[in-house]
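Here the structure is laid out as structure tokens; the discussion comes afterwards.
The values are calculated or read from the model by the stated rules, or taken from the named source; none is laboratory data. Fair warning: this is a prediction, and the values are worked out from it, not measured in the lab. Backbone-built Cβ (ideal geometry, glycine too); neighbour counts: all protein chains shown. Only protein heavy atoms, including side chains, enter the accessible area calculation; ligands, DNA and RNA are left aside. Shrake-Rupley method; radii C 1.70, N 1.55, O 1.52, S 1.80 Å.
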Amino acid sequence: MKVLVVGSGIAGLTTALRAEALGHDVELVVKGAIGSGCTPLAQGGIAGAYGPDDSPALHALDTMHAGDGHGDPRAIAALVDGAAAAVEALIDAGVAFDRGDDGEIARGLEAAHSLPRIAHAGGDATGAAISAALIDRVRASGIHIREHAFAADLLVTDERAHGIRLLDRTVLAADAVVLATGGAGQLYAHTTNPAGATGDGIAMALRAGAAVADLEFVQFHPTVLESSGVPFLISEAVRGAGAVLVDADGHRFLLDQHPDAELAPRDVVARAVTRQAAAQGSPVRLDATALGAAALAHRFPTIDAELRRRGLDWSREPVPVTPAAHYLMGGIATDLDGRTSMPGLWAVGETARTGVHGANRLASNSLLEGAVFAARAADSLGDTPPHASRSRSLSPSSADSDNDRDLDGTTPFTRADLQQLMWDGVGLLRTHDGMSDAVAQLSAWAAPAGTTATAQEDANLLTVARAVASAALARTTSLGAHHLSHAPAPALIGAS
Ligand code: SIN
């Protein structure tokens, strides 16, 4: 059958490769150049209970705990049980994970894991290694790659997806559409995500009427370099290796707040960092000096090189850090095989809400989710009977009438306006008033009318922002990353 896979992160590439191996006719549709999304930026690694002292049950417990008890136990079981096969498949695809002197895969520690279980490659270049290996495999396969092709909307007839319409109005018909379009970090003024993370797949699904879930749960990474330049992530693996967070007096303030201090769940650390920075009026600092210059350069070569490029020697001095939007736990609701509520439509990776992350994702479970659930989705594609309406003649105008943009507001907006509104009102620390104001403002804004990629991205961001803000307002108690504060969120210290 004809399968369209939209997106080229770990989830999209894995789905495409596996679907092709199963005999499907696969076309990979990518907004920019292949591999230009979040996956190549992933530093930490891929979690899994690989070691003799570990077990999938313990990994499941940690995943549920980090997610504040909101995760789906069945989805988490599928995730942790699938880890070994997922890593084997990546090794088969050519990913050279770092190994210890004994030849076994080296295992790093990250926050909220009971023990070291993070496989990494190139030290802190795991995503880049995975992306490069999978892209090589895709290029060597029979998969048709369509780059610089912006998927604008789903083609839907009789409540079934049967293809996509590109922004240039090209219509691509298919028996199955798999959305692997990544996250929506660009909803926020400060994010670790690349410029293309504009929630495109979630917006397409919302316009088409597919179910979404858990959109109020947005993860903010606690240790992003505080600077006016392009935000740069300093991996949680650095804290796992022994770096600590200190206040203006050099005190480890997290010791006073959580028994696991810097290795508490990510949402806890991010809130503590934000509050401490507001209280002292300057950024907190990540102190990695105890690790030593040689170890930092060896274990974290990407971070080391970038910090030095920016004139910082982290082996000698703590570096300023601040939280930034990092990951969307919610997304298009799927079953354990990536099926959405809409026949013909699958979703995998960050764009999907499988239920594994609950209200706060455990570190390095994202690459794992992408790999495990993409394989499951590919395996389930063949269960889909071809749909009768697929044979209808498709034209750009019929596609347009299927999926109009929502045009309910009237006031124009800029992307920067939207990002600041979301940062202030639906960010790391939330208040009822802040969320209400955001919902009202978002509904007053009009989706841009143009047909440029920027206009489409802005329309998508508006659609997703409305859904995220409404979901946040509807959840009246704190849970995981959705944290209700009694005071307005402190401003980001030093943000430009
Ligand atoms: C990191 O390296 O800190 C990010 C890993 C993740 O988001 O899971």
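The single condition from (1) of a type outside the set (S, T, Y); (2) within 15 Å of the ligand (Cβ to nearest atom); (3) over 21 Å from I118 (Cβ atoms); (4) open to solvent by less than 40 Å² (accessible area, probe 1.4 Å) that P231 fails is (4).
Filtering the stretch 460-486 to residues that are small (G, A, S), buried (at least 23 other Cβ atoms within 10 Å of the Cβ) and assigned to a helix (DSSP H, G or I) leaves A465, A469, A472. Could you check, for the stretch 383-390, whether at least one of its residues is among the aliphatic types (A, V, I, L, M) and open to solvent by less than 30 Å² (accessible area, probe 1.4 Å)? No. Taken together, E262, E236 contain a single residue that is under 23 Å from G108 (Cα atoms) and touching a Leu at 6+ places or on another chain (Cβ under 7 Å), which is E262. Residues considered: A208, A189. Of these, the only one that is under 23 Å from A363 (Cα atoms) and either surrounded by fewer than 20 Cβ atoms within 10 Å (Cβ to Cβ) or among the small types (G, A, S) (or both) is A189.
Open to solvent by 10 Å² or more (accessible area, probe 1.4 Å), over 23 Å from the mean Cα position of the chain (by Cα) and within 16 Å of the ligand (Cβ to nearest atom): is that true of V171 in this structure? Against the criterion (open to solvent by 10 Å² or more (accessible area, probe 1.4 Å), over 23 Å from the mean Cα position of the chain (by Cα) and within 16 Å of the ligand (Cβ to nearest atom)), V171 does not qualify.
Do we find a residue being within 18 Å of L328 (Cα to Cα), in a loop (DSSP other than H, G, I, E, B) and in contact with a strand residue (DSSP E or B) (Cβ under 7 Å, 6 or more places away or on another chain) anywhere in the stretch 47-54? Checking the stretch 47-54: not a single residue is within 18 Å of L328 (Cα to Cα), in a loop (DSSP other than H, G, I, E, B) and in contact with a strand residue (DSSP E or B) (Cβ under 7 Å, 6 or more places away or on another chain). Residues in the stretch 23-47 that are open to solvent by 20 Å² or more (accessible area, probe 1.4 Å) and of a type in the set (D, E, K, R) were compared, and the one that is farthest from the ligand (Cβ to nearest atom) is D25. Failed condition for G122, given (1) away from the ligand (no atom under 14 Å from the Cβ); (2) open to solvent by 30 Å² or more (accessible area, probe 1.4 Å); (3) in contact (Cβ under 8 Å) with a residue 40 or more places away in the chain, with all others met? Just one mismatch for G122, condition (1). Pairing each residue of the stretch 368-386 that is over 20 Å from V95 (Cβ atoms) and modelled with pLDDT under 95 with any residue that is open to solvent by less than 10 Å² (accessible area, probe 1.4 Å) and not aliphatic (A, V, I, L, M), provided the two are 6+ apart or on different chains, yields C-beta distances under 8 Å for T384/G344. Taking the criterion of being open to solvent by 40 Å² or more (accessible area, probe 1.4 Å) and either touching a His at 6+ places or on another chain (Cβ under 6 Å) or hydrophobic (A, V, I, L, M, F, W, C) (or both), the residues of the stretch 1-22 that qualify are M1, A21, L22.
Report yes if S141 is open to solvent by less than 20 Å² (accessible area, probe 1.4 Å) and of a type outside the set (K, R), otherwise no. So S141 fails the test.
Taken together, the criteria exclude G94 from residues that are within 16 Å of the ligand (Cβ to nearest atom), of a type in the set (G, A, S) and touching a residue at least 40 places away in the same chain (Cβ under 8 Å). Taking the stretch 338-382 as the range and being within 16 Å of the ligand (Cβ to nearest atom), polar (S, T, N, Q) and in a helix (DSSP H, G or I) as the test, the residues that pass are T351, S366.
Just one of the listed residues (A248, A264, A213) is more than 14 Å from the chain's Cα centre (by Cα), within 16 Å of the ligand (Cβ to nearest atom) and small (G, A, S), namely A264.
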